[in-house]
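*Asks:* Let me begin by handing over the structure; questions about it come next.
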Amino acid sequence: MRCPFCAHEDSQVKDSRPTEDNTAIRRRRQCEGCGARFTTFERVQLRDVTVVKSGEKGGEPRREPFDRSKIEQSVALACRKRDIEQERIDQLVSGIQRQVETAGESEIPASRIGEMVMDGLRQLDSVAYIRFASVYRDFSEAKDFQEFASTVQEAGGRDVGGE
């Protein structure tokens, strides 16, 4: 494993243990070059999945490998400053990854992944759900927020975060 500090090629594993949700192995490593310590995570990847993104202005669709970290970043941003345990966020992201990898398809539309995230956030926290939806659905005016928030309220969307 390459050191993130000095880019030395070799590191030594000092400690290994499963994560709290048992979906990954957390390894503490020490660089043999500079002596710095860092953490890596090892996760099971069931299959290589390609995400198909819609083309710009009717152009050819773009394809890129599925990247769990993009979902993690999006969900973390939507949940920022909300009273949501990191473990619940990790479970949501792991569940989406599992759905994508076990779907039996080698390609999946980005829109389907977005809907999976929306469904998960709807159950997790209504504010995070609206935040994610505002970017995903490209809200351009304040009334877009109002209309969407009112549909969440009408559907019985309560704040699971406790505030």
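*Asks:* For the chain, what's the relative contact order in percent, using C-alpha pairs closer than 8 Å and at least 6 residues apart?
*Replies:* Normalised by residue count, the contact order of the chain is 16 percent.
*Asks:* On the first, second and third principal axes, largest extent first, how far apart are the outermost C-alpha atoms of the stretch 68-160 in Å?
*Replies:* For the stretch 68-160, the Cα extents along the three principal axes come out at 38, 28, 22 Å.
*Asks:* Moving to a separate point now. Please list, in order along the stretch 29-45, the HN-Hα scalar couplings obtained from phi with the Karplus expression 6.51 cos²θ - 1.76 cosθ + 1.60 (θ = phi - 60°), rounded to whole Hz, x for Gly and Pro.
*Replies:* 10, 10, 5, 7, x, 10, x, 5, 10, 8, 10, 10, 10, 10, 10, 6, 10
*Asks:* I would also like to ask the following. Show the residues, 5+ positions off or on another chain, whose built amide H is closer than 5 Å to the amide H of residue 49.
*Replies:* 66
*Asks:* With all protein chains present, calculate the accessible area of residue 66 using a 1.4 Å probe and round the result to the nearest 10 Å².
*Replies:* 40
*Asks:* Pairs of alpha-carbon atoms within less than 8 angstrom and 6+ residues apart define the contacts here; what relative contact order does the stretch 74-151 have, in percent?
*Replies:* 36
*Asks:* For a quick check: with amide H placed at 1.01 Å from N, whose amide H comes under 5 Å from residue 11's, ignoring anything fewer than 5 positions away on the same chain?
*Replies:* Residues meeting the criterion, in which the H sits 1.01 Å from N, are 32.
*Asks:* Turning to a different aspect of this structure: Classify the chain as rounded, prolate or oblate, taking a ≥ b ≥ c as the square roots of the eigenvalues of its Cα gyration tensor: rounded when a/c is under 1.5, otherwise prolate if a/b is larger than b/c and oblate if not.
*Replies:* Cα axes put the chain in the prolate bin.
*Asks:* What do you get for trypsin sites (Lys or Arg not before Pro) in the stretch 12-93 restricted to DSSP loop and a cutoff of at most 13 other Cβ within 10 Å of the site's Cβ?
*Replies:* Counting only loop positions with at most 13 other Cβ atoms within 10 Å, the trypsin sites (Lys or Arg not before Pro) in the stretch 12-93 are 47, 80, 81.
*Asks:* Using amide H atoms built 1.01 Å from N in the peptide plane, name the residues 5+ places from residue 24, or on other chains, whose amide H lies under 5 Å from its own.
*Replies:* It is 19, by chain and number.
*Asks:* Let me ask something else about it. For the stretch 30-108, what does the relative contact order come out to in percent, with C-alpha contacts under 8 Å and a separation of six or more?
*Replies:* For the stretch 30-108, the relative contact order is 35 percent.
*Asks:* Show which aspartates and glutamates lie in cross-link reach of residue 70 when reach means a straight Cα distance below 16 angstrom and same-chain residues fewer than eight apart are skipped.
*Replies:* 48, 90, 101, 115
The values are calculated or read from the model by the stated rules, or taken from the named source; none is laboratory data. Quick caveat: nothing in here was measured; it's all calculated off a predicted structure. No Cβ is skipped: glycine too gets one built from the backbone with ideal geometry, and neighbour counts run over all protein chains shown. Note: accessible area is taken over every heavy atom of the protein model, side chains too, but ligands, DNA and RNA are not part of it. Shrake-Rupley method; radii C 1.70, N 1.55, O 1.52, S 1.80 Å.
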